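Step one of this worksheet: look at the structure below.
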Amino acid sequence: MITMKDVIKEGHPTLRKVAKEVTLPASQEDRDILQKMMDFLHNSQDPEIAEKFGLRPGVGLAAPQINVAKRMIAVLVSDQNENLYEYALFNPKIVSHSVEMTQLENGEGCLSVDRDVPGLVPRYARITVQGTTIEGEQISIRLRGLPAIVFQHEIDHLNGVMFYDRIEESKDPFMKPVPDAFR
Ligand SMILES: O=CN(O)C[C@@H](CC1CCCC1)C(=O)N1NCCC[C@H]1C(=O)Nc1ccccn1
Ligand code: NI
């Protein structure tokens, strides 16, 4: 069972690696890992289990977060119309995306980041993701809203990208630009 002690934190080198493609058909070991990642999401969203095992609730998890540098993600999230998106994928890839951008209005967090990092994280508003399921089926899914944001956050982890890498440097009008001479 995956618990918080298995989740590596920022500073651990694996979070900055580019994860390797999973050789298909996936090995039993890789299928077990991906299933355990999905089980973690279910457990973390169950108040009793989360409380019992001290789990931080998660709507997504990427294999590098449990120190497995392989291209595997699990997503368990409902959209604004209460549709549940439950996907565990090998080698997920964004094959197309909207020009339009979006963001979570309260910014993002990460189970591998034990601090609040304020700021908006720009994400594509709509994406099409292709990947392979635990059963070995190649699928293509069109996503928008919160599910689209979650998938982008997870696929970033496979490329060693953390959410705060995408927070724009402040465009705060009251922030006087620092003259180059002082940079
Ligand atoms: O890589 C995967 N992770 O780091 C787990 C993250 C993934 C989400 C962060 C933003 C988009 C994907 C995660 O789920 N969280 N991050 C820490 C706080 C708790 C939780 C969260 O944001 N929950 C949530 C968000 C919106 C609506 C409902 N619940
Ligand atoms: Ni994360």
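Just so it is clear, none of the values below were taken in a lab; they were calculated from the coordinates. All values derive from a computational prediction rather than experimental measurement. Quick reminder, even Gly has a Cβ in these numbers, built from the backbone with ideal geometry, and neighbours come from all protein chains shown.
Details
- Members of segment 20-71 that are in a loop (DSSP other than H, G, I, E, B) and within 16 Å of ligand 2 (Cβ to nearest atom): GLN45, LEU55, ARG56, PRO57, GLY58, VAL59, ASN67, VAL68, ALA69, ARG71
Here is a yes/no grid of residues against (1) over 24 Å from THR23 (Cβ atoms); (2) among the hydrophobic types (A, V, I, L, M, F, W, C):
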| site | (1), (2) |
| --- | --- |
| GLU86 | yes, no |
| LEU89 | no, yes |
| GLN103 | yes, no |
| ASN106 | yes, no |
| SER112 | yes, no |
| VAL117 | yes, yes |
| ALA125 | yes, yes |
| THR132 | no, no |
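- Taking the criterion of being surrounded by fewer than 18 Cβ atoms within 10 Å (Cβ to Cβ) and either on the phi > 0 side of the Ramachandran plot or among the basic types (Lys, Arg) (or both), the residues of segment 105-134 that qualify are GLY107, ARG115, GLY119, ARG126.
- Subset of segment 43-71 (residues that are touching a residue at least 24 places away in the same chain (Cβ under 8 Å) and within 12 Å of ligand 1 (Cβ to nearest atom)): GLN45, LEU55, ARG56, GLY58, VAL59, GLY60, LEU61, ALA62, ALA63, PRO64, GLN65, ILE66
- Boolean, GLY136 is near ligand 1 (Cβ under 9 Å from one of its atoms) and assigned to a loop (DSSP other than H, G, I, E, B): no
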